[in-house]
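Undergrad: I am attaching a structure below and will ask some questions about it afterwards.
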Amino acid sequence: MLLGQYQHSLDDKCRLMIPSKMKAELSDASTLYVLKGFEGCLAVYTKSEFDKLVAKLEGLSYFDTDSRNFIRLTLSSVIQLNVDKLGRIQFTPSTLEKYKISKEVIVVGVNDHFEVWDKKAYLDYEDKLSSKYEELANSMVKTNDK
């Protein structure tokens, strides 16, 4: 289970040191799958969790326009990155530019995967939603009670 948030800086070669608490959870992963996340982040999955995501996508109908567009946008964004001996992954400058991620990042654990956010973007996102925390919780309870 990947949890917490960690502030990191990418080095000059665009490498991210995976937070040590997350490295323990990812110890058997030599390759990670990086794809377009929501709200402007990059979502990072192990092979087993990525396979589960793909299985969910396979459950969508390719004949439905919204499903097809989501499948296409999601899978076309996938990048496989190797984890080096020090527990780092290396992004390309073009990937960072495309997703507007600067050298200062926040890594967020989201249970089955982690996200890489531009630091300013994540702090703005968190600030915007912090005041709605109780409202979001109530909404989830109502949704799950149905």
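The values are calculated or read from the model by the stated rules, or taken from the named source; none is laboratory data. Since the model is a prediction, treat every value here as computed from it, not as a measurement. For neighbour counting, all protein chains shown are included, and Cβ atoms are generated from backbone atoms with ideal geometry for every residue, glycine included. Just the protein is used for accessible areas: all its heavy atoms, side chains included, with ligands, DNA and RNA removed. Shrake-Rupley method; radii C 1.70, N 1.55, O 1.52, S 1.80 Å.
Undergrad: Can you list the lysines whose alpha carbon sits under 23 Å from that of LYS100, skipping same-chain ones fewer than 8 residues off?
TA: Within the straight-line cut-off, LYS100 pairs with LYS13, LYS36, LYS119, LYS120, LYS128.
Undergrad: Now for a different question. How big is the convex hull of the Cα atoms of segment 1-46, per residue, in Å³? Walk me through the numbers on the way to the answer.
TA: Values: hull volume 4.8 nm³, N = 46.
Hull volume over Cα atoms, normalised by residue count, gives 104 Å³.
Undergrad: Using the Cα centre as the reference, give the magnitude of the dipole from point charges on the C-beta atoms of the chain (Lys, Arg: +1; Asp, Glu: -1; all else neutral), rounded to the nearest 20 debye. All intermediate terms of the calculation are to be shown ahead of the outcome.
TA: Working: 21 positive and 22 negative charges, 64 e Å.
It works out to roughly 300 debye.
Undergrad: Report in % the part of the accessible area of segment 66-146 that belongs to carbon and sulfur, leaving out ligands and nucleic acids; probe 1.4 Å. Please list the in-between numbers first.
TA: Details: 2980 of 5600 Å².
Of all accessible area on segment 66-146, carbon and sulfur atoms account for 53 percent.
Undergrad: Go through ASP11, ASP127 and list them by solvent-accessible area, largest first, probe radius 1.4 Å. Before the final figure, lay out each step's value.
TA: On the way: ASP11 45, ASP127 120 Å².
Putting ASP11, ASP127 in descending order of accessible area: ASP127, ASP11.
Undergrad: What number comes out for accessible area per residue over segment 10-146 if the probe is 1.4 Å? Units Å², please.
TA: 65
Undergrad: Compute, for ASP112, the solvent-accessible surface of its heavy atoms (probe 1.4 Å) with the complete set of protein chains present, and express it in square angstrom to the nearest 10.
TA: So the heavy atoms of ASP112 present about 60 Å² to solvent.
Undergrad: Sticking with this one: Which loop-located trypsin sites (Lys or Arg not before Pro) does segment 39-114 contain, where loop means any DSSP state but H, G, I, E or B and the Cβ has at most 14 other Cβ atoms within 10 Å? Display every interim value, and only then the final one.
TA: On the way: sites: LYS47, LYS52, LYS56, ARG68, ARG72, LYS85, ARG88, LYS98, LYS100, LYS103; in loops: LYS85, LYS100, LYS103.
Answer in residue order: LYS85, LYS100, LYS103.
Undergrad: Can you give the local net charge around GLN7? Use residues other than it whose beta-carbon is closer than 11 angstrom to its beta-carbon, Lys and Arg +1, Asp and Glu -1.
TA: On the way: positive: LYS119; negative: GLU104.
Once positives and negatives cancel, what remains is 0.
Undergrad: Sorting GLU115, GLU104 by accessible area (1.4 Å probe), largest first, what list results?
TA: On the way: GLU115 30, GLU104 85 Å².
Largest accessible area first, the residues go GLU104, GLU115.
Undergrad: Sticking with this structure for a sec: Students often get this wrong, so try it: which of [x] 8.9; [y] 10.0; [z] 7.9 is mean projected area of the Cα convex hull in nm² as calculated from the structure shown?
TA: Answer by label: [y].
Undergrad: Within the set of other residues whose C-beta is less than 11 Å from the C-beta of ARG88, count the net charge using Lys and Arg as +1 and Asp and Glu as -1. Mind showing how you got there, number by number?
TA: On the way: positive: LYS13, ARG15, LYS23, LYS85; negative: ASP11, ASP84.
Neighbourhood net charge equals +2.
Undergrad: Would you rank VAL105, VAL54 by solvent-accessible area, highest first, keeping every protein chain in place and using a 1.4 Å probe? Walk me through the numbers before you get to the answer.
TA: On the way: VAL105 0, VAL54 35 Å².
So the residues, ranked largest to smallest area, are VAL54, VAL105.
Undergrad: Rounded to the nearest 500, what is the 222 nm mean residue ellipticity of the chain from helices alone, with -39500 (n - 2.57) per DSSP H run of 4+ residues and division by all residues? Don't skip to the end; give the middle numbers.
TA: Details: 6 runs with 61 residues, N = 146.
Counting only the DSSP helices, I get -12500 deg cm²/dmol.
Undergrad: I've got another one for you. What's the longest uninterrupted piece of the chain once you rule out the chymotrypsin sites (Phe, Trp or Tyr not before Pro) that are loop residues per DSSP with at most 11 other Cβ within 10 Å? Working shown, then result.
TA: Details: sites that count: PHE38, TYR62, PHE63.
My reading of the result: 64-146 is the longest stretch.
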